[in-house]
Structure formats: structure tokens, C-alpha cells
1. Leaving ligands, DNA and RNA out of it, work out the accessible area of Ile181 with a 1.4 Å probe and give it in Å² to the nearest 10.
2. Whenever you get a sec, compute what percent of the accessible area on the stretch 76-208 sits on carbon and sulfur atoms (1.4 Å probe).
3. About the Cα centre, and with charges only on the beta carbon of Lys, Arg (+1) and Asp, Glu (-1), how big is the dipole of the stretch 115-175? Nearest 20 debye, please.
4. Among the lysines, which fall within straight-line cross-link reach of Lys95, defined as a Cα-Cα distance under 19 Å, with same-chain neighbours fewer than 8 residues apart omitted?
5. Put a dot 7 Å past each Cα toward the Cβ at Asn184 and Ala35; how far apart are the dots in nm?
6. Give me the accessible area per residue for the stretch 124-211, probe 1.4 Å, as a whole number in Å².
7. Once you charge only the Cβ atoms, +1 for Lys and Arg and -1 for Asp and Glu, what is the size of the charge dipole of the stretch 76-208 about its Cα centre, to the nearest 20 debye?
8. For Asn64 and Asp138, what does the FRET efficiency come to when R0 = 25 Å and r is the distance between their Cβ atoms, rounded to the nearest 0.05?
Amino acid sequence: MSEAKPNRRRMLELCISRSLLIAGGASVSQTRLLALWQRAEAQSLQPTNAEVLGPFFRKGAPDNKVLRAPGDPGLPLKVSGRVMNTRGQLVDGAKVDFWHADHNGLYDTRGYKYRTKLSPNEKGEYSVETVMPGHYSDRPAQHIHYLIAAPGHKTLITQAYFATDPFFEGNPEKNWNKRGIAGNKELVLPVKLFETGPHTEVTFDIILEKA
Ligand SMILES: [Fe+2]
């Protein structure tokens, strides 16, 4: 009969008791070391889940924070968030490629409509004014593609989905993985609807892993 797999805390206690893990510098008790470790663990954020790149990525998009032109069809949408590491800290030099289909589900494959390559500000924040993407038959859930690169970090390719999308039949909690399109529930974002405009807003924070 095999021994039960120890949990993370038990593994840590074993490491300390067997002197496999020691504190650097001044002498620290095992209890204190365990508390320090647990605090560090509690501060760590889960990296954003990866998704497929898809066939419509284009290099060379301009840094443009307003992708929506006056009169464009589709519900106005503001997407904002922060790019950070798993400690919630600023990631220097990050670049965010962001692209999506228009209201009719079509990508601009010749130009850069609804495409941008952003540099987050000094707080790691980014913001884009655009329209709610349309549906298209190959991937019939509304989505925005992201490719985020930053020195010293793994490049992340992911997508953001919308909890209000009719594709999820009013119940994204239950249907988030319908047809296997959204790879993770966390990528299906709550949508705020504002009467002024009207317009919608979503927040999508990006957590990068160190390379
Ligand atoms: Fe797509």
C-alpha cells in the first residue's frame, strides 16, 4: 500500500525538520520560518491562464488606446486592467498585443482595425476603448485575444470572454466551458453595463510568470 501523498504544508514541515530548507542570514526558528513561508505563499497570485493564439494575429499593431471610431457598430466597450507578476508587482517593459473581431465577427486581416500594441503606464495599468466583439462561426463566443511579452517573463497568449455573451445562455457559471471554447472559467469576465452611452466595461488583470 503506497504512502499518502503529503500536502504542501506537510512537505514544508518535513523539509524544515530534515534541514532541507534553512533560513539565510540570522538564525530563525522553525515556527518563524514556516510563518514566513506561508505569508509568501499567500501573497502569490495565480498566473493568467493561456489560450490559443488563433489565426488572426498580426504583428506591428500601433499603440492606440482608442480603437472605436465614431459611428462604428457595436456596443461601446472599455477594457482595462493591470499587468503584474505573481507577487502583484509592476512588470517593467511589458507590451500588450490586443486584437478582436468587429461587431460582425470579422477580423481586419489587412490593416489594424481593432488591433493595438500597448505599453502599460508606470503603474502597470492599461486601458482600451473599443466595441464588444461579434461572433464568428469557428469560435462562436465573443472574445478578445491577448499576447503579452515582458523581459524576464514568459510570454503569455490568452483570451478574454464575456459573462453576458448569449453563448453562455445566461449562466456562465454552468456553461463557461460550453463546446470547450473558453479554457478556464477565470477568463469569462463579468461585464458592467452603464446607461450612459450606453456602454460596457470589463476589467482583465494579467499575471505573468517569471521566465
Ligand atoms: Fe478569435
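The values are calculated or read from the model by the stated rules, or taken from the named source; none is laboratory data. All figures in this text were calculated on a predicted structure; none of them were measured in a lab. Glycine also receives a Cβ, built like all others from the backbone with ideal geometry; neighbour counts cover every protein chain displayed. Ligands, DNA and RNA are excluded from the accessible area calculation, which covers all protein heavy atoms including side chains. Shrake-Rupley method; radii C 1.70, N 1.55, O 1.52, S 1.80 Å.
1. 20 Å²
2. 48 percent
3. In total the dipole reaches around 260 debye.
4. Lys59, Lys65, Lys78, Lys113, Lys117, Lys123, Lys154, Lys210
5. According to this spin-label approximation, the distance is 3.3 nm.
6. Normalised by residue count, the accessible surface of the stretch 124-211 is 48 Å².
7. Charge dipole, the stretch 76-208, about its Cα centre: 320 debye, nearest 20.
8. The value I calculate is 0.45.
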